[in-house]
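The values are calculated or read from the model by the stated rules, or taken from the named source; none is laboratory data. These figures come from a predicted structure and were not determined experimentally. Every residue, glycine as well, gets a Cβ built from its backbone with ideal geometry; the counts of neighbours run over all protein chains shown.
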Amino acid sequence: MKIYLVGGAVRDRLLGLPVRERDWVVVGATADEMIRLGYTPVGKDFPVFLHPETREEYALARTERKQGHGYTGFVVHASPEVTLVDDLRRRDLTINAMAESADGELIDPFHGKDDLDAGLLRHVSPAFVEDPVRILRVARFAARFAKWGFKVAHDTHALMQRMVTNGEVDHLVAERVWTETARALGEAAPVRFFEVLRRCGALARLFPEIDRLYGVEQSAAHHPEIDSGVHSMLVLAQAAKLSPDPVVRFAALVHDLGKAGTAPEELPHHAGHEVRSVALVRQLCTRLRAPNEFRELAELAARYHTHCHRALELETTTLLDTLQAVDAFRRPDRFEKLLLACEADSRGRQGFEDQPYPQAGYLRGARDAAAAVDASAFHTAQMSGQEIGARLHNERVAAIENFRQRNS
């Protein structure tokens with residue numbers, strides 16, 4: 001029995017990155033032997049075990065044979081006869097198909113180290129086409145390693161296009177698409193994830209609401225980049241600078257989906273796109289089974305980003321109505337995330353990347369002024385709940401008005 005460190009731990013160590021988790025492959029052993037040595041079996045589809053002390057995952061070397069569509073259509077074979085090279089050959093990218101022996105020797109049968117040095121994301125074997133999740137993984141690694149200039153190898157890109165054309169990508173289940181997307185949104189350059197998917201055609205199949213934005217004209221006066229799809233990527237890039245939170249980044253990305261539904265004769269203006277955007281955000285999140293936290297903030301950003309941009313111009317009552325609509329008083333943390341998404345939208349335009357966004361401070365100040373109103377001061381037995389609500393509203397309007405006068 002021989003044990004090897006494999007996959008991401010080897011890759012990240014060669015890149016000089018901190019190793020987040022370590023995975024191991026065991027060659028020449030059986031499941032019964034692993035159990036006798038004290039390992040705990042946890043694998044459902046193939047033999048994986050937890051180390052009795054470190055609790056790290058140890059998998060028996062295995063091969064996979066495709067027999068159906070999607071990422072679940074595989075027959076797994078694990079036995080003591082399966083070699084380390086056999087196990088590495090089934091992996092997606094050469095940079096993930098390296099191993100390290102107990103004495104530190106690098107085992108690199110598919111030249112992953114050369115591709116690391118060249119900044120290439122290259123498939124290990126033609127079997128890459130058998131698992132559509134690999135398209136998402138390639139795009140995610142492009143987002144993770146963007147600062148090193150990693151690119152998708154031409155032959156790998158061709159395989160990804162073929163997987164889209166032959167419909168293999170259509171067999172991806174929503175949970176896997178969302179898992180990879182959420183992870184990509186947390187990477188250093190999430191824009192690259194969507195760029196890679198668009199280039200191979202997968203964006204139109206997996207995220208049609210985003211893909212349809214490309215080619216939709218906007219007013220050059222407000223959007224020098226003109227193209228709505230380009231704008232959505234610029235906004236995502238700004239959100240990545242402003243916040244590491246994938247929830248904020250997602251809201252920034254999808255806030256303008258409704259612009260794709262603007263009638264051609266109305267272009268380059270997009271009256272009412274906010275309401276259309278909310279419906280499309282809900283459709284996208286429902287299809288991908290996105291968590292409520294993502295959907296809720298994205299819907300708020302879609303519906304109220306224009307209100308936030310115009311905060312300094314809004315009537316006082318409209319300003320209060322907006323704060324109440326986004327639940328700024330009861331959900332201050334989410335309100336702060338909304339302000340970040342709106343700031344990303346404002347900065348996500350060519351030439352506006354470094355422009356300040358005073359609307360955020362203004363909205364925050366108005367919220368604080370209104371929140372300072374002490375409703376208990378006018379709670380009396382003689383007032384009904386409706387009367388108390390009306391009094392609270394009026395007092396908050398007055399508080400915001402005072403704030404506006406002080407800051408005019």
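The condition of being assigned by TED's automatic domain parsing to the domain that holds ARG134, assigned to a helix (DSSP H, G or I) and surrounded by 17 or more Cβ atoms within 10 Å (Cβ to Cβ) holds for only one of VAL247, VAL235, VAL164, that being VAL164.
Looking only at residues in segment 7-25 that are in contact with a helix residue (DSSP H, G or I) (Cβ under 7 Å, 6 or more places away or on another chain) and in a strand (DSSP E or B), the one that is surrounded by the fewest Cβ atoms within 10 Å (Cβ to Cβ) is ASP23.
When segment 27-51 is limited to residues that are surrounded by 13 or more Cβ atoms within 10 Å (Cβ to Cβ) and in contact with a helix residue (DSSP H, G or I) (Cβ under 7 Å, 6 or more places away or on another chain), the one that is farthest from ASP87 (Cα to Cα) turns out to be PHE49.
Against the definition (closer than 30 Å to ALA221 by Cβ, touching a Leu at 6+ places or on another chain (Cβ under 7 Å) and either in a helix (DSSP H, G or I) or in the same structural domain as VAL248 (by TED's automatic domain parsing) (or both)), how does ALA370 come out, yes or no? Criteria not met by ALA370. Of the residues making up segment 66-79, those that are modelled with pLDDT of 75 or more and not in a loop (DSSP other than H, G, I, E, B) are VAL76, HIS77, ALA78.
Only one entry in ASP115, ASP87, ASP131 is in contact (Cβ under 8 Å) with a residue 12 or more places away in the chain, among the acidic types (Asp, Glu) and closer than 23 Å to GLY186 by Cβ, namely ASP131.
For segment 275-309, residues that are basic (Lys, Arg) and touching a residue at least 24 places away in the same chain (Cβ under 8 Å) total 3. Condition test on ARG249, is it over 17 Å from the mean Cα position of the chain (by Cα) and either within 21 Å of ARG295 (Cβ to Cβ) or of a type outside the set (Lys, Arg) (or both)? No.
Filtering segment 329-356 down to residues that are small (Gly, Ala, Ser) and either assigned to a helix (DSSP H, G or I) or without any contact (Cβ under 8 Å) to a residue 40 or more places away in the chain (or both), which residue is surrounded by the fewest Cβ atoms within 10 Å (Cβ to Cβ)? Even if it seems obvious, please write down each step before you answer.
Step one: of segment 329-356, the residues small (Gly, Ala, Ser) are 341, 344, 346, 348, 351.
Imposing the further condition that a residue be either assigned to a helix (DSSP H, G or I) or without any contact (Cβ under 8 Å) to a residue 40 or more places away in the chain (or both) reduces the set to 341, 344, 346.
Working: ALA341: 31, ALA344: 28, SER346: 19.
Applying the filter and picking the extreme gives SER346.
In segment 313-328, of all residues being within 14 Å of GLU401 (Cβ to Cβ) and hydrophobic (A, V, I, L, M, F, W, C), the one that is surrounded by the fewest Cβ atoms within 10 Å (Cβ to Cβ) corresponds to LEU314.
Among the polar types (S, T, N, Q) and either part of a loop (DSSP other than H, G, I, E, B) or loosely packed, with under 13 Cβ neighbours inside 10 Å (or both): does that describe GLN359? Quick ask: steps written out before the conclusion?
Details: among the polar types (S, T, N, Q): yes; either part of a loop (DSSP other than H, G, I, E, B) or loosely packed, with under 13 Cβ neighbours inside 10 Å (or both): no.
The answer is no for GLN359.
Here VAL278 fits the description: in contact with a Gly (Cβ under 9 Å, 6 or more places away or on another chain), hydrophobic (A, V, I, L, M, F, W, C) and not assigned by TED's automatic domain parsing to the domain that holds ARG176.
Quick one: which residue in ALA184, ALA153 is modelled with pLDDT of 95 or more, outside the structural domain of ALA302 (by TED's automatic domain parsing), in contact with a His (Cβ under 8 Å, 6 or more places away or on another chain) and crowded, with 16+ Cβ neighbours inside 10 Å?
ALA153
Going by the structure shown, is LYS241 of a type outside the set (S, T, N, Q) and buried (at least 21 other Cβ atoms within 10 Å of the Cβ)? When the stated conditions are applied, LYS241 does not pass them.
Taking ARG137 as the residue in question, decide whether it is modelled with pLDDT of 95 or more and surrounded by fewer than 21 Cβ atoms within 10 Å (Cβ to Cβ). Full working, then the answer.
Values: modelled with pLDDT of 95 or more: yes; surrounded by fewer than 21 Cβ atoms within 10 Å (Cβ to Cβ): yes.
Yes.
Write out, first by first residue and then by second, each pair whose Cβ atoms fall under 7 Å of each other, whose residues are 6+ apart or on separate chains, and whose first residue, in segment 374-388, is at pLDDT below 75 while the second is of a type outside the set (A, V, I, L, M) and in a helix (DSSP H, G or I). Once the first residue is at pLDDT below 75 and sits in segment 374-388, its partners that are of a type outside the set (A, V, I, L, M) and in a helix (DSSP H, G or I) give PHE378/ARG391. Filtered by the rule that a residue be outside any helix (DSSP H, G or I) and over 20 Å from ALA239 (Cα atoms), segment 178-205 gives a lone residue, GLY201. Here is the figure for segment 80-133: residues that are charged (D, E, K, R), part of a helix (DSSP H, G or I) and crowded, with 19+ Cβ neighbours inside 10 Å total 3.
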